[in-house]
Amino acid sequence: MGWRRHRCGGAQNVPVTTAPIATAQTRTVRSERPIDLAATVSPLRRGLGDPCHRETPDGAHWHASRMPTGPVTYRLRQLDRRGVDAQAWGPGAEEFLERLPHMLCLDEDLTGFSPEHPKVVEAHRRNPGLRMLRTGLVFEAVVPAVLEQKVHTRTAHASWRKLVWRYGTPAPGPAPDGLRVMPDAETWRHIPSWVYHRANVEPQRSKTIVLAARIAPKLEEAAALSHADAEKRLRTVPGIGVWTAAEIAQRAFGDPDALSVGDFHLAATVGWTLLGRPIDDDAMIEYLEPLRPHRYRAVRLLGLAGFAHKPKFGPRTPYTDHSRI
């Protein structure tokens, strides 16, 4: 996972199509606890140019997904501190709205979350509306997570854009111009190897995507399993390890403990932030153990509060363009 400080700004001036407008299905969800919509759904966005996600100047969050019942475009807007207003279009609209409270983890139980480190305590105080994200859409989380394996984030995002633009479909409803639904599993499975190559995806990552696409229905079943069993199911796919499984769980399962072990920056950042010195993965796991089962929640809170930091030493690692190899 990346450490990204949440900002309310950054909305893009994105035009909305003027094609015949389908009638939206709507729903408003409320919670006794605050809901910070922008922070909660931010992991859905894969870079500023994500074809599947937009933030418009009116503060709305648009996203296109592929529900079991069909494609859906949805628009989420913060109504007040404890409410979210939703509109949805497309064959999957009704299913999406039915699952919305589940997606926003409005059923979260934080009684076991009792951090002791002052920075984690303060980060939690500043961000009481952070919820985990539980889309229940496993394969939708698999592909971008695999693309982000062992490469710079901007490289992975560029590959995601190229592939979705080429093989995705236009989002249903009055979506912002260019919004697209990611390809289905069968399409990912049959993308030619040379197309992956031109999208700067080397054979190891493309093979993992193809293998996952072959058993996509079995992977989708993981959303109904316990977090431990879901991880085991994901890791039956060659090429999906601890880090990738955690990145998927953070978005598809709402797992508050899905720590991205193996992340290039995470352990050192946790160390500098909480201990004032760098640590490795083993030390990070040991240090965060008292926060189980909320280790990922703590990491997210530190990032949102702006506490996460790591000194910069030396030059950045070089970018590799596999399409030129």
Worksheet item: Taking interchain pairs and intrachain pairs at least six residues apart, which have beta carbon atoms under 7 angstrom, with the first residue in the stretch 230-241 and more than 18 Å from LYS207 (Cα to Cα) and the second in a helix (DSSP H, G or I) and not hydroxyl-bearing (Ser, Thr, Tyr)?
Response: ALA230/ALA222; ALA230/ALA249; GLU231/ALA245; GLU231/ALA249
Worksheet item: Taking GLU148, is it within 21 Å of GLY241 (Cα to Cα) and either at pLDDT below 95 or not aliphatic (A, V, I, L, M) (or both)?
Response: yes
Worksheet entry | Residue within the stretch 245-253 that is open to solvent by 20 Å² or more (accessible area, probe 1.4 Å) and farther than 20 Å from HIS102 by Cα present | no
Item to complete: Might you let me know whether the stretch 105-121 holds any residue that is under 22 Å from ALA308 (Cα atoms), within 20 Å of the chain's Cα centre (by Cα) and in contact (Cβ under 8 Å) with a residue 24 or more places away in the chain?
Response: no
Fill in: Candidate set from the stretch 11-24 (those that are open to solvent by 70 Å² or more (accessible area, probe 1.4 Å) and within 23 Å of PRO51 (Cβ to Cβ)); member that is modelled with the lowest pLDDT
THR18
Worksheet item: Quick one: in the stretch 186-203, which of the residues that are of a type in the set (Phe, Trp, Tyr) and surrounded by 14 or more Cβ atoms within 10 Å (Cβ to Cβ) is nearest to HIS157 (Cα to Cα)?
Response: TYR196
Worksheet entry | Number of the condition not met by THR28 [criteria: (1) in a loop (DSSP other than H, G, I, E, B); (2) surrounded by fewer than 19 Cβ atoms within 10 Å (Cβ to Cβ); (3) modelled with pLDDT of 95 or more] | (1)
Practice prompt. Out of THR135, THR169, report the one residue that is β-branched (Val, Ile, Thr) and touching a Ser or Thr at 6+ places or on another chain (Cβ under 8 Å).
Written response: THR135
Worksheet entry | Residue selected from the stretch 152-174 under the condition in a loop (DSSP other than H, G, I, E, B) and at pLDDT 95 or above, by the criterion surrounded by the most Cβ atoms within 10 Å (Cβ to Cβ) | ALA171
Response to the item:
Note on SER260: of the conditions (1) in a loop (DSSP other than H, G, I, E, B); (2) open to solvent by 20 Å² or more (accessible area, probe 1.4 Å); (3) small (Gly, Ala, Ser); (4) in contact with a helix residue (DSSP H, G or I) (Cβ under 7 Å, 6 or more places away or on another chain), unmet is (2)
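The values are calculated or read from the model by the stated rules, or taken from the named source; none is laboratory data. In this text the structure is predicted, and so the values were computed from the model without any measurement. Counting neighbours? That spans all protein chains shown, and the Cβs are built from the backbone with ideal geometry, glycine included. Surface areas here come from the heavy atoms of the whole protein model, side chains and all, with no ligands, DNA or RNA. Shrake-Rupley method; radii C 1.70, N 1.55, O 1.52, S 1.80 Å.
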